[in-house]
Amino acid sequence: MVFNAESPRVGTDGRTIRHDWTTEEVLALYQLPFNDLLYRAQATHRAHFDANEVQISTLLSIKTGGCPEDCAYCPQSAHFTTGVKSDKLMAKESVLAEAARARAAGASRFCMGAAWRAPRDRDVEDVAEIIRGVKALGLETCATLGMLTRPQAQRLKEAGLDYYNHNLDTSESYYGRIISTRTYQDRLETLDHVRAAGMRVCCGGILGMGESRDDRAAMLRTLANLPEHPESVPINMLVRVEGTPLADAEPVDPLEFVRTIAVARILMPASVVRLSAGREAMSDELQALCFLAGANSIFYGEKLLTTPNPAMHADRQLFDRLGLRPMMPSREECHAENLRD
Ligand code: SAM
Ligand code: DTB
Ligand code: SF4
């Protein structure tokens, strides 16, 4: 199908939530003149969000390194020598101290990452205890722990976990080039369990792993055609880490990155799109373009999981320069409800 801005299937009001995007439609969006694409993304954004509000999350690696998976981008895989040292799960008190710091710095959500392929049931119990503590601090909670069974997802939900992050990372056809220790289907199954347990889904991907535009479009199409759109869609720019197979990957064209944000915004109009890893290597101007394209969330704090993120004062300055304000959790709640229309 040739994309036509008048096509009723496309929903020019920017409000329609669709789950039947075709590959041709997604690619046609990518191929729009840049100004037309950004105009459309911004109009869609404004139909669902306050365009000057950005959701703020802070990340903490609660269990670092030594992961049995071979994700070619990841400094925490035990298959590569990256200098990341392997640690066991952090003590609850230490995690709560970090969560309190994040809250004091202005984060509304605390995201805990663990370098597991799949947690054991007793790991889930330990994390559940931590989640109860973080919730009690008044923060929204997010965790990313690898593959889950359905009962494990239910246990986390009962403990008060609001979001589960589990990225598809790239297209199904490119996945095998990046990871050999699990399948795309494994990923989709965990997402299914998370949904069935009633948690919100945070799911996105990485650009700059040598994938083609077709792969980027296919990944976004898969996300947008899930039975429910992920409430949160992180778009990461690969952080190239020495020792990983992707350490020398060709950087992606920054304008292609902005296009990807814009297409994500148009396909998933009511989802929060996160400008995730990779901001450390981006200019303020590039980040501003990402916000214009519809990104409305960032990770805030000096560290992602194991790699650096911009200094907090630099982000505060950027927000001031752009007139951006932190999004209140109550407003996210309302957007998440819109997704169920
Ligand atoms: N082990 C769990 C998993 O794989 O789902 C959770 C932690 S894992 C580090 C979470 C996500 O971080 C990955 O899915 C990937 O999207 C992102 N990530 C990891 N290394 C990255 C890198 N070097 N650059 C950008 N994103 C990265
Ligand atoms: C996501 O999409 N990106 C975050 C979070 N979800 C867990 C992780 C980025 C990790 C970047 C590499 C590192 O710091 O280890
Ligand atoms: Fe392990 Fe997650 Fe890193 Fe893959 S991305 S190696 S599963 S920590």
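None of the figures in this text is laboratory data; all of them are computed from the coordinates on show. Just so you know, these numbers come straight off a predicted model, no measurement behind them. Every residue, glycine among them, receives a Cβ derived from its backbone with ideal geometry; neighbour counts consider all protein chains shown.
Tabulated data for the structure shown
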read-out: Residue match in the range 168-181 (condition: touching a strand residue (DSSP E or B) at 6+ places or on another chain (Cβ under 6 Å) and among the polar types (S, T, N, Q)); value: yes
read-out: Residue identified as under 17 Å from A72 (Cβ atoms) and either within 16 Å of ligand 3 (Cβ to nearest atom) or in a helix (DSSP H, G or I) (or both) among L223, L191, L246, L255; value: L246
read-out: Selection status of I261, within 13 Å of ligand 2 (Cβ to nearest atom) and in contact with a helix residue (DSSP H, G or I) (Cβ under 8 Å, 6 or more places away or on another chain); value: no
read-out: Selected residue (only one of D214, D253 is over 22 Å from Y39 (Cβ atoms), of a type outside the set (F, W, Y) and more than 16 Å from the chain's Cα centre (by Cα)); value: D214
read-out: Residue list for the range 227-244, restricted to those being of a type outside the set (D, E) and either surrounded by fewer than 18 Cβ atoms within 10 Å (Cβ to Cβ) or free of Cβ contacts under 8 Å to residues at least 40 places away in the same chain (or both); value: P227, R240, G243
read-out: Search result, residues across the range 263-279 that are within 24 Å of R109 (Cβ to Cβ), away from ligand 3 (no atom under 16 Å from the Cβ) and outside any strand (DSSP E or B); value: A264, R265, L267, M268, P269, A270, S271, R279
read-out: Considering residues of the range 289-320 that are buried (at least 16 other Cβ atoms within 10 Å of the Cβ) and assigned to a helix (DSSP H, G or I) only, the residue nearest to ligand 1 (Cβ to nearest atom); value: C290
read-out: Failed item, numbered, when Y30 is tested on (1) within 16 Å of ligand 1 (Cβ to nearest atom); (2) under 30 Å from P245 (Cα atoms); value: (1)
read-out: Single unsatisfied condition, A99 versus (1) assigned to a loop (DSSP other than H, G, I, E, B); (2) away from ligand 1 (no atom under 11 Å from the Cβ); value: (1)
read-out: Residues being assigned to a helix (DSSP H, G or I) and over 23 Å from the mean Cα position of the chain (by Cα) - total across the range 74-95; value: 3
read-out: Only listed residue being within 15 Å of the chain's Cα centre (by Cα), away from ligand 2 (no atom under 13 Å from the Cβ) and closer than 30 Å to Q154 by Cβ, chosen from L226, L220; value: L220
read-out: Residue, nearest to ligand 1 (Cβ to nearest atom), within the range 33-73, restricted to residues that are assigned to a loop (DSSP other than H, G, I, E, B) and farther than 30 Å from V241 by Cβ; value: F49
